[in-house]
Amino acid sequence: MRRRGYLKNALLASVAISGIVLVATIAPNAFAQLRYLPAMKRAQLRYRAKTTLERLAVQGLIDFEKRDGKSYARITPEGQKVLLLEQHKASLRNVKKRRWDKRWRMIIFDIPERRRRTRDRLRITMSELGFVRLQDSVWVYPYDCEDLMALLKADLKIGAAVLYMVVEHIENDKHLRAQFALKA
């Protein structure tokens, strides 16, 4: 599953950067440069790239077009949104090298039971990114993540149900500072 995510993001980025990519040549050329993918046989890599491209097309993230008997992939506006969200997630994972401004970013949400899957998806995403749960619907993060939350709210269509706050003080935050390895 994790490898599929890398492949999906790499394909989306390749298509987005070039605008349009010849599908027949994307796998052998583009992925030879990606060091984080495990070494795979060329045929397996082509197969995985092809099936991932097909999956991206089914999800509406890329479109295929035929020119001169060749198939080309082009990123859709929805694909650009997904790529932007993934880029923000990646940048948030690397943010821990920055200095903490002694402010907490608090996310509070109230998503109804009928949208449980959306609520669970939000929780899983925040957990993967390193947010800490204070209560069921209250999560905390020490670094600026307003752009990411705006993208998540738009992607999950939960705008009014999620509040983003910048808090200067949380009572008894010693355990939070320890969890994020922050100095007082």
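The values are calculated or read from the model by the stated rules, or taken from the named source; none is laboratory data. The shown structure was predicted, so the numbers you read here are calculated from the model rather than taken from an experiment. When we count neighbours, we look across all protein chains shown, and the Cβ atoms used for this are built from the backbone with ideal geometry, even at glycine.
Elements of the type strands (runs of 3 or more DSSP E) sitting completely within region 1-114 and holding at least 1 residues that are among the acidic types (Asp, Glu) and at pLDDT 75 or above: these cover 62-67. Beta carbons closer than 9 Å, at least 6 apart along the sequence or on distinct chains, pair a first residue in region 109-127 that is in the same structural domain as Lys153 (by TED's automatic domain parsing) with a second that is part of a helix (DSSP H, G or I) and of a type in the set (Ser, Thr, Tyr) for Ile111/Thr118. When you check Ile107 against the structure, is it of a type in the set (Val, Ile, Thr) and over 25 Å from His169 (Cβ atoms), yes or no? No: the conditions fail for Ile107. Give me the residue from region 58-67 that is within 16 Å of Ala10 (Cβ to Cβ) and not β-branched (Val, Ile, Thr) and, out of that set, surrounded by the fewest Cβ atoms within 10 Å (Cβ to Cβ). Here the residue is Gln59. Please tell me if Leu85 is in contact with an Asp or Glu (Cβ under 7 Å, 6 or more places away or on another chain) and surrounded by 11 or more Cβ atoms within 10 Å (Cβ to Cβ). Yes.
Scanning region 144-155 for residues that are surrounded by 17 or more Cβ atoms within 10 Å (Cβ to Cβ) and either assigned to a loop (DSSP other than H, G, I, E, B) or outside the structural domain of Arg114 (by TED's automatic domain parsing) (or both) returns a single hit, Cys145. Listed conditions (1) surrounded by fewer than 12 Cβ atoms within 10 Å (Cβ to Cβ); (2) in contact with a strand residue (DSSP E or B) (Cβ under 6 Å, 6 or more places away or on another chain) are all met by Glu168, apart from (2). The set of residues from region 157-184 being basic (Lys, Arg) and free of Cβ contacts under 8 Å to residues at least 60 places away in the same chain comprises Lys157, Lys174, Arg177. Considering Leu163, Leu182, Leu134, the condition of being under 11 Å from Trp104 (Cβ atoms) and in a strand (DSSP E or B) is satisfied by Leu134 alone.
Quick one: which of Ile124, Ile158, Ile75 is loosely packed, with under 13 Cβ neighbours inside 10 Å, hydrophobic (A, V, I, L, M, F, W, C) and closer than 30 Å to Thr52 by Cα? That would be Ile124, the only listed residue that is loosely packed, with under 13 Cβ neighbours inside 10 Å, hydrophobic (A, V, I, L, M, F, W, C) and closer than 30 Å to Thr52 by Cα.
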